[in-house]
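Below: one structure, written as structure tokens.
Taken together, the values in this text are just the output of simple stated rules run on the coordinates, not laboratory data. Just so we're clear, the structure is a prediction, and the values are computed from it rather than from any experiment. Cβ placement follows ideal geometry from the backbone for every residue including glycine, while neighbour counts extend to all protein chains displayed.
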There are 2 protein chains.
Amino acid sequence: MNFLIIGGDAAGMSAASRAKRNAPDMNVTVLEKSMDVSYSACGMPFNIADPGREIEDLVVRRAEVFRKKQGIDLLTGHCADTIDTAARLVKGITRDSKPFAFSYDKLLIATGASPIMPNIEGNDLPGVMALKFLDDGRRLKNYLASREVKEVVILGMGYIALEMCEALRARRIEVSMVKPRPGFLPWMDEKLSAVIRQTLEKNGIRMYSGRAVERIRQAGSRLSVCCPDLILEADLVLVSIGVRPNSELAADAGIALGVKKAIRVDRGMRTSDPHVYAAGDCADSFHAVTGEKVWIPLALRANRGGWAVADNVCGKPVELEGIVGTAVFKVFDLQVARTGLTVAEAGQAGFSPAEVIIQARSRAHAHPGSSDIWVHMVGDKKTGKLLGVQMVGQEGVAHRINAAAVALHQKMTVDRFAQTDLAYSPPFSPVWDPMLTAANQLLKNL
Amino acid sequence: MNFLIIGGDAAGMSAASRAKRNAPDMNVTVLEKSMDVSYSACGMPFNIADPGREIEDLVVRRAEVFRKKQGIDLLTGHCADTIDTAARLVKGITRDSKPFAFSYDKLLIATGASPIMPNIEGNDLPGVMALKFLDDGRRLKNYLASREVKEVVILGMGYIALEMCEALRARRIEVSMVKPRPGFLPWMDEKLSAVIRQTLEKNGIRMYSGRAVERIRQAGSRLSVCCPDLILEADLVLVSIGVRPNSELAADAGIALGVKKAIRVDRGMRTSDPHVYAAGDCADSFHAVTGEKVWIPLALRANRGGWAVADNVCGKPVELEGIVGTAVFKVFDLQVARTGLTVAEAGQAGFSPAEVIIQARSRAHAHPGSSDIWVHMVGDKKTGKLLGVQMVGQEGVAHRINAAAVALHQKMTVDRFAQTDLAYSPPFSPVWDPMLTAANQLLKNL
């Protein structure tokens, strides 16, 4: 059995490792176009914050370990460019321009996602860069090390942009963020997003919403980010306006795409071709709350998808549950988390959303060190079910969200969730955990 | 309608407040034998740690607020001593020895629990005290303030004992703990309890297990805690060997007791008498995992039980879900949490327990500040269901346990729990959250 994998990051290497554990005699080949495999892309902002750390620290397992200890035929610098599904053959070219071709019995496409670059003049200037692949992090870190960077302009205000604000401020770099649409975090209620905005302002981040960037110009070592009525000067421009699935290779082979042009997969990660699987940021998934297909690229799903593919390839049938879109990020001293649907998403999915926003404390009455915690909870008036939660606070947000995530997987009603027996001790929570207080309040609106 | 409540702490005052919100015209009378109402008993160790804080800081709502703003007839210093269920009459005596009698339409018994005192010589010496009621905290704090206390011996090694270790060390007091049975935390696996033991030892706590205390003797201002072959000297002896439900008043009135002599209640908090409810630490509850009656006195349940009684009394029928026994406590820099059943409890309840213990990290690969986290997870071989989780670690334990608590309420299988979409970001978790890693490993043993 030849199990061929295109892409050597989370999904690809998880699948390769598990396939070799399941079936040590299987031929497992991985084609990775870059020279990096199995690294923590999510860790890059935190690594960049510290000039004393090597970007290579983010490599979870070195290529040599996969090759020698695990017996995986891992080929870096191998860029696949066509899949012939009839002949079950993948062709491509290596970094040193040598053509290659590999046949397969089963194929996994794990090509990930790529940053979206704005289609404007100057998007290819040397000081304009995105942050997705380890090589991006390497390039950015080298750039910061090799010259004096005093000012950075970030295009976009998503997770990565916000994490990079903290990283760059840690290096005493001035940061401005600019985005074309008005508002700040469109998926978050103003009451919660205002808390994040205040923290950003307190840390000296300048924010320009509703400003379309028309071009980026270079003058000597400086860059100018040009919007109507606004020019932002910078030594470096970081593009962080989103990602798109790397699905062209699959599409060109006639494999069906789904939501947002991600590769369409079933619960067993099978594509429209019976011998081809897809997993990771290039594939779509089911949302456990709506039952609909979504494209929410996240690392845990990539790892889990890789495992599921390996099990299915090895004859151990696995169907994955849907996702609930749980995510958390850190912005300076704040933790921001979400799971499930926003009010707008709930309405679009056909629910009758009711909502509540509460402000509570992270610790018990009179316990020192307590801080504010905001919970935005959404339920369905028709069924009474919990639909989603968003939270902001200085402590206790990142893991608190998981209780709601489990409740969403189980399609719990708000009423039943409000009755759950959550942990209480004064240093960690009020008697009524903020999640329970939110649920109790939401019940009144359902 | 006369709604009479015996006991003015969590369950009693929650019921009183909610009844007045539900039905502002109802006569709500609370009889509290002490002079303190509505305080955070769980906060006492943390308050005692700091000589600069008043014990009164722990009062959540002052008696005057209940009386004047909420219209509750709150009578402190009123000790109820008989319930006549036929006449629906409660009699008792005030602090200044005046007899009183109140009739009721509905009665709530919320008499709480009391510390168990060892039946040994010297248990009534002035320097021998327990820590349950606010007045205990006041007495202990005054004792520490009024003389030089250099050494404390704690009888028992439960939650309160461990929290008091930290509080007393913060005041530079030497601490020894002694208990009659061998071992340390009997409900916890040695791999996890050893972590706690090491932390206690590192902080200079001396532990003596398997030592029965035979007597406590006084010589001047010093106390001697006498065990066979061991005498521990102390300036103060703290008794922390457990609590028992205050159910004598109910039992004397012919009301049925249940598990561990707690007052037996149904899911609506009704006792065996149709006009009498019980809630809080004096009442039993259903365990959602076993379906059996248990007595696990915890603050959240007391508050929730009080609300449920108020709603039922006011004609808004409420049935409470069972509990899963979620608890967390802090021991120096460690967080210790549990939910559901231990292996032993699972076996006793008729399950076929399988277990796994994993050691993981609190943050992502290569993220600075990461620490160890231990998870002990128990499942049922027959049904594949999750039965319980115990955790120890320096961070991320207190709220992580809640995901498992929700799963237990929902009777989830380990397999489904292993597929939940938990939050990941490098500062807060590995890609595979320790809970998921434990579930994945446990699956192999089921």
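A compact table of results
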read-out: Loop GluC sites (Glu not before Pro), the range A:1-62, which have at most 14 other Cβ atoms in a 10 Å radius of their Cβ (DSSP); value: A:Glu54
read-out: Neighbour-count ranking [beta-carbon atoms within 10 angstrom, fewest first] of A:Met164, B:Met269, B:Met129; value: B:Met129, A:Met164, B:Met269
read-out: Across the identical copies, how the A:Thr94 labels are spaced - nm, sorted shortest first, 7 Å along Cα→Cβ; value: 9.6
read-out: D_trans [Stokes-Einstein, Kirkwood Rh over alpha-carbon pairs] for the range B:79-143, 25 °C, 0.890 mPa s, µm² s⁻¹; value: 166
read-out: Rule-of-thumb Rg ratio for the range B:309-370 [Cα; 2.2 N^0.38 Å; N residues]; value: 1.82
read-out: Other copies of A:Glu148: label-to-label distances in nm, shortest first, labels 7 Å along the beta-carbon direction; value: 6.1
read-out: Viscosity 1.306 mPa s, temperature 10 °C, Stokes-Einstein D of the range B:256-307 from Kirkwood C-alpha radius, µm²/s; value: 147
read-out: Per-q log10 I(q)/I(0), the range B:117-239, q = 0.10, 0.11, 0.16 Å⁻¹ (Debye; single scatterer per alpha-carbon; no solvent); value: -0.29, -0.35, -0.75
read-out: Set of the range A:362-404 residues, backbone N closer than 18 Å to the point 7 Å along the Cα-Cβ line of A:Ser352; value: A:378-388
read-out: The range B:169-216 pair-distance distribution - Cα-Cα, 10 Å bins, rounded %; value: 24, 49, 26, 1
read-out: Size-normalised alpha-carbon gyration radius of the range A:226-381, reference 2.2 N^0.38 Å; value: 1.36
read-out: Rel. contact order, % - alpha carbon contacts under 8 angstrom, at least six apart, the range A:257-306; value: 33
read-out: Within the protein assembly as shown: Cβ-based charge dipole about Cα centre, in debye rounded to nearest 20 (Lys, Arg +1; Asp, Glu -1); value: 200
read-out: Residue-wise HN-Hα coupling along the range A:234-243, computed from phi with Karplus coefficients 6.51, -1.76, 1.60 (Hz; x: Gly, Pro); value: 7, 8, 8, 10, 9, 9, 9, 9, x, 10
read-out: In range of the label at A:Glu319: residues from the range A:254-277 whose backbone nitrogen is under 13 Å from the point 7 Å along Cα→Cβ; value: A:266-270
read-out: Compactness of the protein assembly as shown as Cα Rg over 2.2 N^0.38 Å, two decimals; value: 1.05
read-out: Equivalent ellipsoid dimensions for chain B as semi-axes, Å, which come from the Cα gyration tensor, largest first; value: 37, 31, 20
read-out: Residue with peak Gaussian network fluctuation, chain B [Cα springs, cutoff 10 Å], from B:Ala346, B:Ala212, B:Ala398; value: B:Ala212
read-out: DSSP beta bridge pairing in the protein assembly as shown, given as percent antiparallel to the nearest 5; value: 65
read-out: Sparse-neighbour loop sites [GluC sites (Glu not before Pro); the range B:135-208; at most 14 other C-beta within 10 Å; DSSP]; value: B:Glu148
read-out: Choice from A:Thr94, A:Thr342, A:Thr420 showing the highest fluctuation, given a GNM over chain A with Cα pairs closer than 10 Å; value: A:Thr420
read-out: DSSP-assigned coil residues among GluC sites (Glu not before Pro) in the range B:284-345, each with at most 16 further Cβ atoms within 10 Å; value: B:Glu292, B:Glu319
read-out: 7 Å along Cα→Cβ, label-point gaps from A:Pro317 to other copies, nm, shortest first; value: 4.4
read-out: The range B:327-445: proportion of alpha-carbon pairs further apart than 19 angstrom, %; value: 41
read-out: For A:Ile323, B:Ile120, B:Ile173, B:Ile109, order by how many other beta-carbon atoms lie within 10 Å, fewest first; value: B:Ile120, B:Ile173, A:Ile323, B:Ile109
read-out: Cα principal axis extents for the range B:2-135, largest first, Å; value: 45, 34, 23
read-out: Percent antiparallel among DSSP beta bridges (both partners in the range B:117-239, rounded to 5); value: 40
read-out: Stretch gain in nm, segment B:Lys69-B:Arg95, where the contour uses 0.36 nm per residue and the Cα spacing is subtracted; value: 6.9 nm
read-out: Efficiency of FRET from Cβ geometry, B:Asp266 and B:Cys79, R₀ 35 Å, rounded to 0.05; value: 0.80
read-out: Assigned charges on the beta-carbon of Lys, Arg, Asp, Glu; the range B:295-446 dipole about Cα centre (debye); value: 120
read-out: Most fluctuating residue given options B:Tyr277, B:Tyr104, B:Tyr424, as computed from a GNM of chain B linking Cα atoms under 10 Å; value: B:Tyr424
read-out: Beta bridges per DSSP with both ends in chain A, % antiparallel, nearest 5; value: 65
read-out: Neighbouring partner chain Cβ atoms per residue of B:78-84, average, 10 Å criterion; value: 0
read-out: Taking A:Cys165, B:Cys227 and counting other C-beta atoms within 10 Å, the order from fewest to most; value: B:Cys227, A:Cys165
